[in-house]
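This report concerns only the one structure given below.
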Amino acid sequence: MQAFTTLRGVAAPLDMVNVDTDMIIPKQFLKTIERTGLGRGLFYELRTDAKGNKKGDFVLDRPAYRAAKILVAGRNFGCGSSREHAPWALLDAGIRCVIASSFADIFFNNCFKNGILPVILPEETVKAMLKDAENGANAVFSVDLAAQTVTRPDGQTVSFDIDPARKQHLLKGLDDIGLTLEKKRSIDDYEKRQRQEQPWLATR
Amino acid sequence: MGKRPRTLFDKIWDAHLVDTLDDGTGLIYIDRHLVHEVTSPQAFEGLRLAGRAVRRPGATLAVADHNVPTTDRAGGIKDEESRIQVETLERNAKAAGITYFGMDDDRQGIVHVIGPEQGLTLPGTTIVCGDSHTSTHGAFGALAFGIGTSEVEHVLATQTLLQVRAKNMRIEVTGSLGRGISAKDVILAIIGQIGTAGATGHVVEYAGSVIRGLSIEGRMTVCNMSIEAGARAGLIAPDATTFAYLKGRPMAPKAGAWEAAERFWASLPTDRGAKFNKRVTLNGAAIQPMVTWGTSPQDVLPIGASVPDPADEEDPDKRRSMERSLGYMGLEPGKPLREIRIDKVFIGSCTNARIEDLRAAAGVAKGGKVAKHVQALVVPGSGLVKAQAEAEGLDAVFRAAGFEWREPGCSMCLAMNADRLEPGERCASTSNRNFEGRQGRGGRTHLVGPEMAAAAALAGTLTDVRERIG
């Protein structure tokens, strides 16, 4: 996984609450067996007309935001389906950080598996950042994960909280599976114990 | 000595903790893993690239459900991408030694219908699947939740997951339900009250006389939509209803082991005095037949209500969101919900496609006729549900009333196969999400229970089922 340390870039405002993962990446893009190339489906139905032509008015299609690396959005971002295609699509489109006042659990978790930093900040701060982000190409934000700060275009620095374990994983781009496999003995012991205590759960 | 009283969730979590990492993250053991075609190919690919094996193929069950056609299957899957995805699952399952139910297998169906049906879902276990509606299995007192594809890969490789412990929430539904009120109405009423993020970060335990009185199918409907309230998982304490459903299922404990299993399961319910971080109570007697009017499951009202007016909403974010929803739904404030004309009806999905749901819908449909302008689909949750329904003559009831009787799968709940709404079409649906575009681009979804859906098919509009059941 790609590590996340610092990020500097334009932030795009998406001033909507309860943005669901069906909206982030609609079902017709879930038929792939790959992780890559999903950027073309990102917010597809908000960006295109019924014939599939780009309308050009969606925030990420406006010239100032085409290179955006950060998304500022309303509360409960990423609700609904567990599809990891949602963070894959964001990543493929160059978005490495989403700022909102709250996230749905599964999406939040999926971000950390893909080198995307979801930043939770108080509602008023997010509102102010949405305003900042409306300044188009001038809305350059800096994110520093080690310091746990977001610096707004006017230079003001805001701190955010993050679970220390998740922070470390992201900073180092750690391979979770590799780390867990180091616990093989504990897992073996657990299985042995379970076979004795709940023999009805035994399988291959 | 007195141990600290624990909740059902606490007990399952504690019993599955393999290790606690230095940073406090829990490594929890996963007893059962369900795999479907949409969220697994990249996980198997990841294992291959890293040269890793599936740790416990016997604890894993694979089935194709999202992409499968619900019409005649003799010709296979026509859509090439869908076909490749299903074939990929079959190939991956076979290579890893994982049991796979193919499209021609009677046991094929929606992953959250077949798990319980096979007895894979057992009390006190941990169950995961790359699908948010895995919360369904909580109806048996199993800690069951949806995961992303990276976590699917993690479970395949290690049979464990790294997890931050969730908080405890208790939702009690007291009293008893009125005539014609279903489990779907209960969960929609709950979501209407607490909101779509009302349970975020929590595992919800449903309790109270209404929940105790629900069948196992009804409990699955309730737990299924826990995710629509933001919950990590939903749980209901196992009891005699649970045990009676499980006994004799192919993967349930066999005679000999059964008694020990039942004894263990009986020890799982929440201890008296256990601490919940959040508590909510609803009066069951006040729950009406519910229907959604907007594009989030929290946009829900009793059928007797009218489309709400954004002007009455004080929170500006909510007001804008309502305006957007009503624009998408093509609805004017003040219109009585029961006057909303529909084009399609979908009875199916992991929320409401079990035998009891089909019986309930058929009970309403019997002797009636689907309105001329309505297309109504009934999609059983599994091949076994379909066979059972046919043995009871329910298919004949539906067909005689003008409903289409289909093959099992996820179908129009998320419209990955050919079953979908066209732009502007309006549907009364027993599924779980009324998001924009969920059932087809530009499609408009009204979530209801199975009886309400059948009644809407006959009436041609949303309607109060209680007026049709005498």
Q | In Hz, Karplus ³J(HN,Hα) per residue of region B:4-13 (6.51, -1.76, 1.60; θ = phi - 60°; x = Gly, Pro) | A | 4, x, 10, 7, 3, 4, 4, 5, 5, 4
Q.
Using +1 at the C-beta of Lys and Arg and -1 at the C-beta of Asp and Glu, which of B:163, B:103, B:368 has the Cα lying farthest in the positive direction of the dipole of chain B?
A. B:163
**Q.** Using a Förster distance of 41 Å, the FRET efficiency for residue A:156-residue B:281 (Cβ separation, nearest 0.05)
**A.** 0.40
Q. To the nearest whole percent, what portion of all C-alpha pairs in chain B is separated by more than 40 angstrom?
A. 16
Q: Would you be so kind as to list the residues of region A:109-142 that have their accessible area lowered by at least 40 Å² in the full protein complex compared with their chain by itself (1.4 Å probe)?
A: A:109, A:113
Q: Search the structure for amide H atoms under 5 Å from the amide H of residue A:114, placed 1.01 Å from N in the peptide plane, and list their residues when 5 or more places away or on another chain.
A: none
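To the nearest 20 debye, what charge dipole does the protein assembly as shown have about its Cα centre, counting +1 at the Cβ of each Lys and Arg and -1 at the Cβ of each Asp and Glu?
660
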Q. Exactly which trypsin sites (Lys or Arg not before Pro) in region B:287-321 are in a DSSP loop and have at most 15 other Cβ atoms within 10 Å?
A. none
Q: Could you tell me the accessible area of residue B:344 in Å² (1.4 Å probe, neighbours in place), rounded to the nearest ten?
A: 20
Q) Quick one: Cα centre-to-centre distance for region A:34-69 and region B:206-227, in angstrom? A) 40
**Q.** Helix-only mean residue ellipticity at 222 nm for chain A, each DSSP H run of n ≥ 4 adding -39500 (n - 2.57), per residue, nearest 500
**A.** -8500 deg cm²/dmol
Q. Taking the Cα centre of region A:6-173 as the origin, how large is its charge dipole in debye, to the nearest 20, when only Lys and Arg (+1) and Asp and Glu (-1) carry charge on their Cβ atoms?
A. 540
Q: Quantify, in whole percent, the carbon and sulfur part of the accessible surface of chain B (1.4 Å probe; protein heavy atoms only).
A: 49
Q | Pairwise centroid distance, computed over Cα atoms, of region B:119-148 with region B:165-202, Å | A | 18
Q: Quick one: grab the alpha carbon gyration tensor of region B:159-309, order the square roots of its eigenvalues as a ≥ b ≥ c, and give me rounded if a/c is under 1.5, else prolate or oblate depending on whether a/b is larger than b/c.
A: prolate
Q: Given the options A:59, A:119, A:158, state which has the largest fluctuation in a GNM of chain A using a 10 Å cut-off (strictly under) for Cα springs.
A: A:158
(Q) Give me the 1.4 Å probe accessible area per residue for the protein assembly as shown, excluding ligands and nucleic acids, in Å². (A) 36
Q | Degrees between helix A:184-197 axis and first principal axis of chain A (Cα, 0 to 90, nearest 10) | A | 60
Q: Would you mind classifying the protein assembly as shown by shape? Square roots of the alpha carbon gyration tensor eigenvalues, ordered a ≥ b ≥ c; an a/c under 1.5 is rounded, otherwise it is prolate if a/b is larger than b/c and oblate if not.
A: rounded
Q: Would you compute, from DSSP H runs of 4+ residues alone, the mean residue ellipticity of chain B at 222 nm, taking -39500 (n - 2.57) per run and dividing by the full residue count, rounded to the nearest 500?
A: -9000 deg cm²/dmol
**Q.** Amide H partners (placed H, <5 Å) of residue A:97, local residues excluded
**A.** A:71, A:117
Q) So how far apart, in nm, are the two label points at residue B:372 and residue A:131 if each is 7 Å from Cα heading toward Cβ? A) 5.9
Q) Roughly how many whole Å is it from the C-alpha centroid of region B:397-470 to that of region B:3-81? A) 29
Q.
Name the residue from A:139, A:33, A:187 whose Cα lies farthest towards the positive end of the charge dipole of chain A, charges +1 on Cβ of Lys and Arg and -1 on Cβ of Asp and Glu.
A. A:33
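Given a 1.4 Å probe and no ligands, DNA or RNA in the count, how much accessible surface is buried by A and B, both sides, to the nearest 100 Å²? Please list the in-between numbers first.
Details: alone 11440 and 18320 Å², together 23980 Å².
The buried area between A and B, both sides summed, comes to about 5800 Å².
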Q: Taking H placed 1.01 Å from N in the peptide plane, check which residues at least 5 places from residue B:426 or on another chain put their amide H under 5 Å from its amide H.
A: B:343, B:344, B:444
Q: On the protein heavy atoms, probe 1.4 angstrom, tell me the percent of accessible surface of region A:6-173 carried by carbon and sulfur.
A: 48
Q: Please label the shape of region A:6-173 as rounded, prolate or oblate, based on the square roots a ≥ b ≥ c of the eigenvalues of the alpha-carbon gyration tensor (a/c under 1.5 means rounded; beyond that, a/b larger than b/c means prolate, else oblate).
A: oblate
Q | In order through region B:186-191: 3J(HN,Hα) via Karplus (6.51 cos²θ - 1.76 cosθ + 1.60), integer Hz, x for Gly, Pro | A | 4, 6, 5, 5, 4, 5
**Q.** Point-charge dipole on Cβ atoms (K/R +1, D/E -1) for chain B, about Cα centre, debye to 20
**A.** 860
Q: Could you sort the residues of region B:141-160 by number and keep only those whose accessible area is reduced by 30 Å² or more in the all-protein-chain setting relative to the chain alone, 1.4 Å probe?
A: B:148, B:149, B:150, B:151, B:154, B:158
Q: Select from region A:1-25 all residues whose loss of accessible area on going from the chain by itself to the full protein assembly reaches 50 Å² or more (probe 1.4 Å).
A: A:22
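The values are calculated or read from the model by the stated rules, or taken from the named source; none is laboratory data. Remember, it's a predicted structure, so these values are computed and weren't measured experimentally. Using ideal geometry, Cβ is built from the backbone for each residue, glycine included, and neighbour counts are taken over all protein chains shown. Surface areas here come from the heavy atoms of the whole protein model, side chains and all, with no ligands, DNA or RNA. Shrake-Rupley method; radii C 1.70, N 1.55, O 1.52, S 1.80 Å.
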